[in-house]
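For reference, the structure is listed below as structure tokens.
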Amino acid sequence: MEHEQIMMIYQKTSDKKYAKFLSDEGWKYDTEADALAGYTRMVKAEQGEPLTWEEFGAELRMEGDTSAAQKLYRTLCEHMENGALSAYQLYEYAHHRWCIRCPEAVVAYQTGPKRWAVNTCGETISEDRARLLLNSEWGFEASRIKLLGIPYYDATDWNFICFRCGPYDWIMQDGELHQIYQ
């Protein structure tokens, strides 16, 4: 994006919002032009317009082989097309470094007619530990829990465990329980 376009976007937004961006994210950028470009990408995503691969790559600030990042971007775009992610959530994934190492962990399940649960957790745990967590948190009988995919758990408010218990499929996501929509 050209400098004049960036300046127009900056002038249309409040000085407070840009100042907050600089306070939160400004340390990442070497120049004022780079910071304005980063701010422009954030505003674009907030307005519902998805980042292009080039913009996503710039937000990632990756060097060298980008094949894993491209795979992640394609996965995220598929989730966005299905309605599982918004343009802003696509932008936010550029800040999750674990996704680049493990793009297959970015999975989504529909939990309602227009609701989706998307994994934002990159730490895997053992199946036994996942069963015990589901048992202690939600009271599901551990011996009846069948995990659907890899369980992810960092903390009680940052987790993603898909499972079947009885005839129903469930997701424990970030400390909440959702039934998978069928």
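Table for the structure above
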| item | result |
| --- | --- |
| From L177, L132, residue being over 19 Å from L51 (Cβ atoms) and assigned to a strand (DSSP E or B) | L177 |
| Flag for R97 being of a type outside the set (V, I, T) and modelled with pLDDT of 95 or more | no |
| Of all residues in region 130-170 being acidic (D, E) and out of contact with any strand residue (DSSP E or B) (no Cβ under 8 Å at 6 or more places or on another chain), the one that is nearest to A117 (Cα to Cα) | D157 |
| Residue in region 39-50 that is modelled with pLDDT of 90 or more and under 14 Å from the mean Cα position of the chain (by Cα) present | yes |
| Helices (runs of 4 or more DSSP H) contained in region 19-116 and holding at least 2 residues more than 30 Å from W170 (Cβ to Cβ) | 32-46, 53-60, 67-81 |
| Index of the failed condition, C121 passing every other in (1) touching a strand residue (DSSP E or B) at 6+ places or on another chain (Cβ under 7 Å); (2) modelled with pLDDT of 90 or more; (3) not basic (K, R) | (2) |
| Considering residues of region 66-83 that are hydrophobic (A, V, I, L, M, F, W, C) and within 15 Å of the chain's Cα centre (by Cα) only, the residue surrounded by the most Cβ atoms within 10 Å (Cβ to Cβ) | L76 |
| Filtered residues of region 115-154 (kept if of a type in the set (A, V, I, L, M, F, W, C) and exposed (fewer than 14 other Cβ atoms within 10 Å of the Cβ)) | W138 |
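The values are calculated or read from the model by the stated rules, or taken from the named source; none is laboratory data. Just so you know, these numbers come straight off a predicted model, no measurement behind them. Don't worry about glycine lacking a Cβ; one is built from the backbone with ideal geometry, like all the others, and counts go over all protein chains shown.
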